[in-house]
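To start, the structure itself, in structure tokens.
The values are calculated or read from the model by the stated rules, or taken from the named source; none is laboratory data. Note that the structure is predicted; figures quoted are calculated from it, not measured. As a convention, Cβ positions derive from the backbone with ideal geometry for all residues, glycine included, and neighbour counts pool all protein chains shown. Ligands, DNA and RNA are excluded from the accessible area calculation, which covers all protein heavy atoms including side chains. Shrake-Rupley method; radii C 1.70, N 1.55, O 1.52, S 1.80 Å.
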Amino acid sequence: MLTLVAFVVALGLLIAVHEYGHYRVAVACGVKVLKFSVGFGKPIYTWKLKNSPTEFSIGMLPLGGYVKMLDEREAPVDPSERHLAFNNQPLRSRTAVVAAGPAANLLLAILLYAIVNWSGLQEPQALLASPVAGSIAERAGLRGGEQVLQAGFDDESLQEVRSFEDLRWRLTQGALSGRDVRLLVSSDLAPAASARDGAPTSGRSVLLKLSELNAADADAQLFRKIGIVGPLTQPVIGDIMPGSAAEKSGMQSADVVLRVGERTVVDGQQLRETIRAAGGRTQTWQLLRAGQALSLAVTPDVKQEGGQAVGRIGAYVGAPPAMVTVRYGPLDGLWNGALRTWQVSVLTLKMMGKMVIGEASLKNLSGPLTIADYAGKSASLGWTAYLLFLALISVSLGVLNLLPLPVLDGGHLMYYLWEAITGKSVSDAWMDRLQRGGVAILLGMMSVALFNDVSRLLG
């Protein structure tokens, strides 16, 4: 039920904001708006505002919406109202009305990110766990236990890293853009000096050569290749599944793992990698339980992951990471919200471009089932996570509608660009051909996205 409610609320809000952008600018430009609808199908509720010609309605199917304006191309218009018809407005007004929908979604994303920035967000500290063996991070000289103070592209100035999620975002940008990322790290668990606003800091510089990745997917395997999978955690055993290898070996929650075989265990990430590499081999674990040392023989279960056999013990491995509250002031929070919206928009466009030319997998496309799943999961984590989810989807909706496909807002803007250059509008014949092509492309994208949704659910 939570998933359904979170999904409907998300769609309703994002669609309403998008259509309100069209509506508000249309009214400001002197266009008569006949109907404003959130959702399709039979209306379940309609109303009118005083002194307004617009009928507002909520449809049964919350999978879209529309703003119907007075337009001579759709129905006869009384001569006394011809100046109120959309098609008779100057080019700049028509462009503003069409662009207002995607712009409203992007402005909403800025506001949502800003609200999260102002209210504060609990995130893991940027403390690095042991890197994956053979990964870019290990080759760069990271060993685990370092705190990341600053990060940035190799050819740009470094910026403060406030949390592990901040670091993960910068790594994602670098990997998908094919750009190296430089880190300033301290080996202590606290920075030697503040990194805020470019203040001098002590530490060592580490270059992660992400340009070597040729990344096609932003998934878990990408971060395994980078070598920075999660924040530093203590090697503690958490919840244990009934009948699992951990339970059979005699493990208990809160056991602290000291050694596996002859190898000393220093953090949760290293322990997880050791379990993965063990496969089904029995190993001797040395643990600390309530201050008492003991040894257990542990035989991990073998599971298939990405065509590779890996070890699993059926227990949560690693204590919760150290957390930090990330909060911004009024102006910094708003600026950071605008910056994050811009970064997500650029990254989205780059990924779409890579998918078009075959450099990125079409598996990155997500449809309504995946969005609904993420809506429910984010809502279960609290309102902050849900707001971040809404901001991300709002950016995606805004960017998608700006694509130059004839059935989308971006397609209409493409027509207006042609009109601005040539002084003539696109002919009806070409309009019909382009509309058909746009519908075919959009249906193809939706089919791929739905296939990916089903594959994720079944997988």
Tell me, yes or no, whether the range 429-436 has at least one residue that is over 30 Å from Gln122 (Cα atoms), open to solvent by 80 Å² or more (accessible area, probe 1.4 Å) and among the acidic types (Asp, Glu). no
Just the residues that are surrounded by fewer than 18 Cβ atoms within 10 Å (Cβ to Cβ) and farther than 15 Å from Trp169 by Cβ, please, taken from the range 325-337. Thr325, Arg327, Gly329, Pro330, Leu331, Asp332, Trp335
In the range 68-84, which residue that is in contact (Cβ under 8 Å) with a residue 12 or more places away in the chain and more than 39 Å from the chain's Cα centre (by Cα) is farthest from Lys32 (Cα to Cα)? Arg73
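Suppose the filter is open to solvent by less than 30 Å² (accessible area, probe 1.4 Å) and either at negative phi or modelled with pLDDT of 90 or more (or both); does Gly398 pass it?
Numbers: open to solvent by less than 30 Å² (accessible area, probe 1.4 Å): yes; either at negative phi or modelled with pLDDT of 90 or more (or both): yes.
Yes.
Residue-wise test of (1) open to solvent by 40 Å² or more (accessible area, probe 1.4 Å); (2) in contact (Cβ under 8 Å) with a residue 60 or more places away in the chain; (3) more than 30 Å from Phe86 (Cα to Cα).
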site	(1), (2), (3)
Glu359	yes, yes, yes
Ala379	no, yes, yes
Ile393	no, yes, no
Gly410	no, yes, no
Could you tell me whether the range 138-147 includes any residue that is surrounded by fewer than 21 Cβ atoms within 10 Å (Cβ to Cβ) and under 27 Å from Leu387 (Cβ atoms)? no
From the list Val257, Val310, Val302, Val229, which one is in a strand (DSSP E or B), in contact with a Phe, Trp or Tyr (Cβ under 7 Å, 6 or more places away or on another chain) and of a type outside the set (S, T, N, Q)? Val257
Scanning the range 162-186 residue by residue, those under 15 Å from Leu142 (Cα atoms) and hydroxyl-bearing (Ser, Thr, Tyr) turn out to be Ser186
Filtered residues of the range 295-323 (kept if under 30 Å from Ile393 (Cα atoms), surrounded by fewer than 17 Cβ atoms within 10 Å (Cβ to Cβ) and in contact (Cβ under 8 Å) with a residue 24 or more places away in the chain): Gly306, Pro320, Ala322, Met323
Checking Ala277 against (1) surrounded by fewer than 16 Cβ atoms within 10 Å (Cβ to Cβ); (2) in a strand (DSSP E or B), which test does it fail? (2)
Working carefully through the options Arg259, Arg263, find the one that is at pLDDT below 90, open to solvent by 30 Å² or more (accessible area, probe 1.4 Å) and among the basic types (Lys, Arg). Arg263
